[in-house]
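The values are calculated or read from the model by the stated rules, or taken from the named source; none is laboratory data. All values derive from a computational prediction rather than experimental measurement. Glycine gets a Cβ as well: all are built from the backbone with ideal geometry, and neighbour counts include every protein chain shown.
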Amino acid sequence: MNNSQVIDAKKLFATSQEQEWIAQAKQGSQSAFHQLYEMHHRQVYALCWRMLADKDSAEDVCQEVFVVLWQKINNFRGESKFSTWLHSVASNVVLTHLRKHKSWLQRVFSIEDQTSHSLPEEAAVELDDSSELEELDKHIAKLPERARLVFVLFAVEGYRHEEIAKMLKMAVGSSKSQYHRAKALLKESLMASPGEIAFAGVNDE
C-alpha cells in the first residue's frame, strides 16, 4: 500500500467517524458532540479571528458558534460537507455578533466608503497552502473591517459576491469593490514585510 492509499484510507475513516458522531449528536450525545468540537473548533476559531481581528471576541464567538451548533445540528441534512455547513453557521454567528454592536453601521457601512482603490489583476492571493493562510492571518487582521469581512467570506470561505451582498446587506458591486480593496491593501502589506506568500490570478466573480 502506497502513501496516497494510506492517506485516502485515513480520510475515509475520519469521514465515517465524523458521520457517526453527527448521528449520535443528533440523538443528544454530548460525548459525540465533544468529539465534533475537538475536530472542528480550531478551524472555527480561525474563521472567527479572521473576521473579528480580536482574540477575546473570537474566543467568545467561537464558543457561541458551538452553542448554536448544538441547537441546530438536526438541521444538517448531509447535502454538503459538515465542515462547509458548520462554517456557514459560524459566519452567520459572527455577523450576528457584529450587528449587536451599536457601532455596526458606523464601523462597517460608514458614509466615507473608500472603495476607489484600483488593483492589478495579478494581485489576488493564492490561498491553497494552509501554511500560507496562517501567515496571511496577521495581515488580514489589519484590514478595515468591511474589506476584511468581504475578503474572508469570498477568498477564504468561498461565498460568491451575490451571497456576500445579501449577508452584509450591500450591493454586489460594493462587495466586489471591497474585495479589490482588500487585495490591494494585502499586497501592499505583504510587500512591506518579509515572506513568501504568492500572488496569482483568480476569478473575482
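Just a yes or no: is a residue in the stretch 21-43 out of contact with any strand residue (DSSP E or B) (no Cβ under 9 Å at 6 or more places or on another chain), assigned to a helix (DSSP H, G or I) and within 21 Å of Arg146 (Cα to Cα)? Quick ask: steps written out before the conclusion?
Taking the stretch 21-43 first, the residues out of contact with any strand residue (DSSP E or B) (no Cβ under 9 Å at 6 or more places or on another chain) are 21-43.
Still in the running and assigned to a helix (DSSP H, G or I): 21-26, 30-43.
Still in the running and within 21 Å of Arg146 (Cα to Cα): none.
Looking through the stretch 21-43, none of the residues is out of contact with any strand residue (DSSP E or B) (no Cβ under 9 Å at 6 or more places or on another chain), assigned to a helix (DSSP H, G or I) and within 21 Å of Arg146 (Cα to Cα).
Could you say whether any residue in the stretch 162-172 is modelled with pLDDT under 85, more than 19 Å from His87 (Cα to Cα) and of a type in the set (Gly, Ala, Ser)? Scanning the stretch 162-172, I find no residue that is modelled with pLDDT under 85, more than 19 Å from His87 (Cα to Cα) and of a type in the set (Gly, Ala, Ser), so the answer is no.
Residues in the stretch 74-94 that are crowded, with 16+ Cβ neighbours inside 10 Å and not in a helix (DSSP H, G or I): Phe76 alone.
Run down Gln178, Gln71 and say which single residue is modelled with pLDDT of 80 or more and surrounded by fewer than 13 Cβ atoms within 10 Å (Cβ to Cβ). Being modelled with pLDDT of 80 or more and surrounded by fewer than 13 Cβ atoms within 10 Å (Cβ to Cβ) holds for just one of Gln178, Gln71, which is Gln71. Being closer than 20 Å to Glu157 by Cα, of a type in the set (A, V, I, L, M) and modelled with pLDDT of 95 or more is true for just one of Val65, Val108. Which residue is that? Answer to the check: Val65.
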